[in-house]
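The values are calculated or read from the model by the stated rules, or taken from the named source; none is laboratory data. Nothing here was measured: the structure is a model prediction, and the numbers come from that model. Every residue, glycine as well, gets a Cβ built from its backbone with ideal geometry; the counts of neighbours run over all protein chains shown.
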Amino acid sequence: MTPLVITGLGAVTQGVVGRAAFEGATREREVGSFRAPTLFDEARWPGARVVEATDFDPAPVLGEKGLRNIDRLTKFFLVASRNALEDAGLKRDAKWLEGADGRRAGVCASTAYGSLESMVELHRVALLESPRYLNPAKFPNTVINAALGYVSIWEDLRAVNATVCNGNCGALDSILVAESFLGTDRADVIVVGGAEAMHEALYLAFERLEAMAVDGQTFAPGDEERSKGMRLGEGSVMLTVEREEFARARGASCAVKITGFGTSFEPPSSEVMIINLSSEAIERATRLALDDAKLTPSDIDAVVSSTNGYSAYDAAEKTALASVFGAAKPRALVKRAYGETLGAGGAFALGTAYVALDRGITPAAHDSAQWPADARRLLVLATGFYGNASAVVVERG
C-alpha cells in the first residue's frame, strides 16, 4: 500500500468525547467501567456487564437541531467524524478551513451490525401492530450504510462514501479502501474508522453462544487461562488519513504513518460452524502487513491486540503471534478498557496505536511485558469470528 499519514482523531465512548479525552483514557484506563446495562432490561440478563456511553450528548458538538430522528449509531459516527476533521485542522466550527475542500474529502468506515435500534423497533411495530404504523422518518436508519450517508451530508464530504461490513475486521479493512481512493487521486482526505451501538439483540446473540463473562466471572482479555468470556462495548473512533504530500502542503503533522496492510481468511472445517477462530489467518495477515511495510518481525516494538476475553479467540491470537515473533511482544489490550466493540474494534485499536506513537503514551491496558517507552513501530490486529483477520503496521515518522 501507499503509506498514509494519520492527521486527526475523534472518539466517543464511555466518558470520552474527542481526542484529548481519548488520550486520557489510553493513559489511565486499565480496565473499563463495566456496569449493568441501561439501554435494555437488566432483569432479563442477570449479571450482564457492558460498557455504555451513558453520558453521551451529541448536542454540544453537533448543535440541537436535526437530531430527532437520527439513531444512536449515527450520532456516534457524526460526533467522532467532526472531532477528527477539526483535530486534523481541516474544519473549525463545522466549516472547512482554507486549503481544505469537501469535494476532495470522503469517508470510509465500518459497522458490523448497523442500527439494530431502528431495525428492531420497526420490526416490532410491524409484527405486533401493523406496517401502517411504521415511522417513515426512521426507516432510512435500517439501511446499514445510512449512518455514513448522514456523515457525508452533515460534514459536506463529497468524495467516496463507503461502509465496510466485515465484522471485527471492517475498521482496519477501511484503510485499504481509503488507500485505493487516495492512491488514485480521487480524494485528498478520507475519514476512516468504525462505530457500534449497544443493543439487547447483540447481547442476546453472544449470550446464546456462551461467549459472555457475567458479573462475578473473570474478564481478562489476553489471559485465555483465566478469562471466562467477553463483554460488549460501544462507541466510535474515526481518524483522518491523507497522502503525505497533501498533508505536508497544508502544514499538518505527519508524525504517524500507516505503512503496511494485510488480510487473510481461513474457511471453517465444517459448514455448521458458527464461530471459526483461525490462528492461521492471523499469522498470514500479520506476515502480509510486515511484508507490505518492508519490515521483519524484529522491527515491531509492540502489538495492539485484538483479544477480547473469549478464550478460544484469545488463544488464536497467542498462537499466531508466537509463530511470527517467537518471543512475546508487549501487547496493548484495548478491549480491557473499552469492551468488544465489534465493527469499531479495529478503530479503537488503531486510535490507541496513533496516540501511543504521536504522544508517547503508554497504554494503561497492557500485558505484563514492559511497554517500550521509545516505541516506533506497532502492529495493530483485528480478528473476526468467521475465520478472517486483518493487520496494519503503524510507524512514527
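Taken over the range 291-315, residues that are within 14 Å of Ser227 (Cα to Cα) and part of a helix (DSSP H, G or I) amount to 5.
Would you confirm, using the coordinates I've provided, whether Thr307 is touching a helix residue (DSSP H, G or I) at 6+ places or on another chain (Cβ under 8 Å), touching a residue at least 60 places away in the same chain (Cβ under 8 Å) and of a type in the set (Ser, Thr, Tyr)?
Details: touching a helix residue (DSSP H, G or I) at 6+ places or on another chain (Cβ under 8 Å): yes; touching a residue at least 60 places away in the same chain (Cβ under 8 Å): yes; of a type in the set (Ser, Thr, Tyr): yes.
Criteria met by Thr307.
With respect to Thr184, determine if the residue is of a type in the set (Ser, Thr, Tyr), under 28 Å from Arg44 (Cβ atoms) and surrounded by fewer than 23 Cβ atoms within 10 Å (Cβ to Cβ). Spell out how you get there, then give the answer.
Values: of a type in the set (Ser, Thr, Tyr): yes; under 28 Å from Arg44 (Cβ atoms): no; surrounded by fewer than 23 Cβ atoms within 10 Å (Cβ to Cβ): yes.
Judged against the criteria, Thr184 is not a match.
Would a scan of the range 228-245 turn up a residue that is among the aliphatic types (A, V, I, L, M) and at pLDDT below 95? No, the conditions are met nowhere in the range 228-245. Looking only at the range 32-49, residues that are in contact with a Phe, Trp or Tyr (Cβ under 8 Å, 6 or more places away or on another chain) and more than 18 Å from Ala11 (Cβ to Cβ) come to 6 in all. Among the residues of the range 362-382, are any part of a helix (DSSP H, G or I) and in contact (Cβ under 8 Å) with a residue 40 or more places away in the chain? No, the range 362-382 contains no residue that is part of a helix (DSSP H, G or I) and in contact (Cβ under 8 Å) with a residue 40 or more places away in the chain.
Among the residues of the range 325-339, is there at least one that is surrounded by fewer than 19 Cβ atoms within 10 Å (Cβ to Cβ) and either touching a helix residue (DSSP H, G or I) at 6+ places or on another chain (Cβ under 6 Å) or not in a loop (DSSP other than H, G, I, E, B) (or both)?
Filtering the range 325-339 for residues surrounded by fewer than 19 Cβ atoms within 10 Å (Cβ to Cβ) gives 325-328.
If we keep only those that are either touching a helix residue (DSSP H, G or I) at 6+ places or on another chain (Cβ under 6 Å) or not in a loop (DSSP other than H, G, I, E, B) (or both) as well, we get 325.
The answer is yes, given that some residue of the range 325-339 is surrounded by fewer than 19 Cβ atoms within 10 Å (Cβ to Cβ) and either touching a helix residue (DSSP H, G or I) at 6+ places or on another chain (Cβ under 6 Å) or not in a loop (DSSP other than H, G, I, E, B) (or both).
Here Ser118 meets each of (1) touching a helix residue (DSSP H, G or I) at 6+ places or on another chain (Cβ under 7 Å); (2) part of a loop (DSSP other than H, G, I, E, B); (3) at pLDDT below 95 with one exception, condition (2).
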